[in-house]
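The values are calculated or read from the model by the stated rules, or taken from the named source; none is laboratory data. Nothing here was measured: the structure is a model prediction, and the numbers come from that model. Methodologically, a virtual Cβ is constructed for each residue, glycine included, from the backbone with ideal geometry; neighbour enumeration extends over all protein chains shown. The accessibility values were calculated without ligands, DNA or RNA, using every heavy atom of the protein model including side chains. Shrake-Rupley method; radii C 1.70, N 1.55, O 1.52, S 1.80 Å.
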Amino acid sequence: MKIVFLDEYSVAGRDMSSIARFGDYVGYNMTRPEEVIERCAGAEIVIANKVVLSAEVMRALPELKLICVAATGMNNVDLEAAAALGIEVRNAVGYSTYSVAETTLCSALALLREVVYYDEYFHSGRYAKSDRPFNFDRPTSQIRGKKWGIIGLGNIGREVARLASAFGCEVSYTSTSGVVREEEYPALTLEKLLAESDIVSIHAPLNAKTLNLLGEKELLLMKPSAIIINVARGGIVNEEALAAALDGGVIRGAALDVFSTEPLIDSPLYKIKERHKLLASPHNAWSSDDAIDRLIGCIAKNIEEFLG
């Protein structure tokens, strides 16, 4: 049995023996779109994190039986085509919940305490040249007592809610799916959540309902002292509108780990007037050592269960 991993770099050089034991394993660091069919030829199992597996690609691979998505989101796979072709698709659920939730909390603390600004103030030498032991260039805020609004109360959203509550925040949420459930936190409309919250974090999938969910109109509802954190999917927050909101003082700050295109090549986010208002990372909120190990374990389990 041939098993192909198309973008093995996404697991940061981990030992793949737990997966290779199931067959003839081939791992590629990265795979360009034009290389997918050739590299997957003859494979019964294909593993991919971000490499797109379209209907055209799957139709060209008659031996393909299982696609393992090395992530939770399955936007890179044409699920309808896979179902029609009898190809099973399995993702990895829950492996990054704690890592993403911790990154969310870390981002809120960093923005409210102006960590990036004051770290740069120290390392730039300005502190050494100062005649004062304290600096108050940028006022800081504590997280305790803040209203924290969560967009999307799934596994990650619930863990964020738990952590925020432990830090003394008042938590509420809004559902993007429209599904009504009994939760321990109050459910608000998106508009009310944005207007009332000091911290807004996004933990929803990217779909037709959430694409550009937060644009100029929605950002204008937020408090000037509020911050927004998106560790879910790029495209949920309109980046042009966010850059304008940061420059215009509409909101205090933002933290982004995901972007409309990745890598983000050209964007107004690179040109904001005060760079300390934006905390940005290259889609690695999920990638703690612990989470990567759990991800590989999920993939191995998915293959094992498929093989019966």
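Classify the range 1-60: rounded, prolate or oblate, from the alpha-carbon gyration tensor (a ≥ b ≥ c, eigenvalue square roots; a/c under 1.5 rounded; otherwise prolate if a/b is larger than b/c)? Intermediate values should be presented prior to the final figure.
Values: a/c = 2.35, a/b = 1.34, b/c = 1.76.
Oblate is the answer for the range 1-60, as a/c is 1.5 or above yet b/c matches or exceeds a/b.
Give the calculated FRET efficiency between Phe22 and Phe134 to the nearest 0.05, with a Förster radius of 51 Å applied to their Cβ-Cβ distance.
Numbers: r = 60 Å, r/R0 = 1.17.
For Phe22 and Phe134, the calculated efficiency is 0.30.
From Cα pairs below 8 angstrom and at least 6 apart in sequence, can you work out the relative contact order of the chain, rounded to a whole percent? List each step's numbers first, then the result.
Details: 552 pairs, mean separation 49.8, N = 308.
Once divided by the residue count of the chain, the mean separation gives 16 percent.
Expected output is a single nm value to one decimal: the length gained when fully extending between Glu216 and Arg113, i.e. 0.36 nm times separation in residues minus the C-alpha distance. What is it? It would help to have the intermediate numbers written out before the result.
Values: separation 103, 0.36 × 103 = 37.08 nm, distance 2.59 nm.
My answer for the length gained is 34.5 nm.
Assuming R0 = 25 Å, what is the FRET efficiency of Glu183 and Glu102, from their Cβ-Cβ distance, to the nearest 0.05?
Details: r = 21 Å, r/R0 = 0.86.
For Glu183 and Glu102, the calculated efficiency is 0.70.
Given labels modelled 7 Å from the Cα in the Cβ direction, how far is it in nm from Asn29 to Ala41?
2.3 nm
Taking Cα pairs under 8 Å and at least six residues apart, what relative contact order does the range 77-184 come out at, in percent? Please list the in-between numbers first.
On the way: 85 pairs, mean separation 28.6, N = 108.
RCO, the range 77-184: 26 percent.
Excluding ligands and nucleic acids, what accessible area in Å² is computed for Glu102 using a 1.4 Å probe, to the nearest 10?
Here the accessible area works out near 120 Å².
In Å², what does the accessible area per residue of the chain work out to with a 1.4 Å probe? Before the final figure, lay out each step's value.
On the way: 15520 Å² over 308 residues.
About 50 Å² of surface per residue is accessible.
Each label point is 7 Å from the Cα along the Cα-to-Cβ direction; what then is the distance between the points at Lys301 and Glu80, in nm?
Taking the simple label geometry, Lys301 and Glu80 are separated by 3.1 nm.
FRET efficiency for Asp289 and Ile265, Cβ-Cβ distance as r, R0 = 25 Å, nearest 0.05?
On the way: r = 29 Å, r/R0 = 1.16.
Between Asp289 and Ile265 the formula returns 0.30.
Mind checking the full-extension length gain between Glu240 and Tyr127? Use 0.36 nm per residue of separation minus the Cα-Cα distance, one decimal, nm.
Numbers: separation 113, 0.36 × 113 = 40.68 nm, distance 3.42 nm.
Taking Glu240 through Tyr127 to full extension adds about 37.3 nm, to one decimal.
So if I take the centroid of the Cα atoms in the range 135-173 and the same for the range 1-80, what is the distance between those two points in Å?
37 Å
To the nearest 10 degrees, how steeply does helix 289-307 sit against the main Cα axis of the chain, on a 0 to 90 scale?
30 degrees
For helix 155-166, report the angle its Cα long axis makes with the longest principal axis of the Cα atoms of the chain; keep it between 0 and 90° and round to the nearest 10°.
30 degrees
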